[in-house]
Amino acid sequence: MNAQVPWELVTPGASATTTMVVSNNGVGSSPTSVPIGPFGPGIFGFNAPSGGIFALAYTFTDSMFAWPTGSVPGLTTHPAAPGSVLIVYATGLGAVTPAPPADGAAAGSVLTRAATPPIVLIGGMSAEVEFAGLTPTFPGVYQLNIVVPPNAPAGSAVPLQVQVGGLTSPATFTIAIGN
């Protein structure tokens, strides 16, 4: 389940605990306490048929997912090359500037950037972040344009992580890097 926390629920930079109820066909769940903080970095992923989780990351030049060749039936995929630009989808990168769109709305034509620049790690190596901000079409989803480091480790399951505000996303989301 994906949900957008209303921007104004917590004062920017502050942490709090709120109560959440999930409704399905008019039936609500038990109230659950949910901690809310300024950051909670995460990468959107795809459960790989062979196991593991592929990061939703595709190459800028040809829009192919940076996953092992032939890893998903029906999709053309290939490893990313060192030096190539990847588009990665993430969440929890915090405040944006200028002010965010209305709750539940996409950024549209307004170019918003993450107020706190994130760090992206590919196989533990820092990648250049060319852009970090809200996507124009998906409410609450961030887009990261990153450059694969020239000396990134090659492999079919190279961890991709995002760091912001002292928090790091799990190393369970992977991409493929070619030579």
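Here's how it looks for V96: its modeled amide H is under 5 Å from those of A115, which are all 5 or more places away or on a different chain. Restriction of the chymotrypsin sites (Phe, Trp or Tyr not before Pro) in the range 1-89 to DSSP coil positions whose beta-carbon has at most 16 other beta-carbons within 10 angstrom yields F60. Residues whose amide H comes within less than 5 Å of that of S84, counting only those at least five positions distant or on another chain, are V148 (H built at 1.01 Å from N in the peptide plane). The HN-Hα couplings worked out from phi for the range 126-140 by the Karplus form 6.51 cos²θ - 1.76 cosθ + 1.60 (θ = phi - 60°) are 5, 9, 5, 9, 7, 7, 9, x, 6, 5, x, 10, 10, x, x Hz, whole numbers, x standing for Gly and Pro. Principal axis extents of the C-alpha atoms in the chain (largest first, rounded to whole Å): 48, 36, 30.
Only the coordinates and a few stated rules stand behind these numbers; no lab work does. Source: prediction; values computed, not measured. Because the Cβ atoms are built from the backbone with ideal geometry, glycine has one as well, and the counts that use them run over all protein chains shown.
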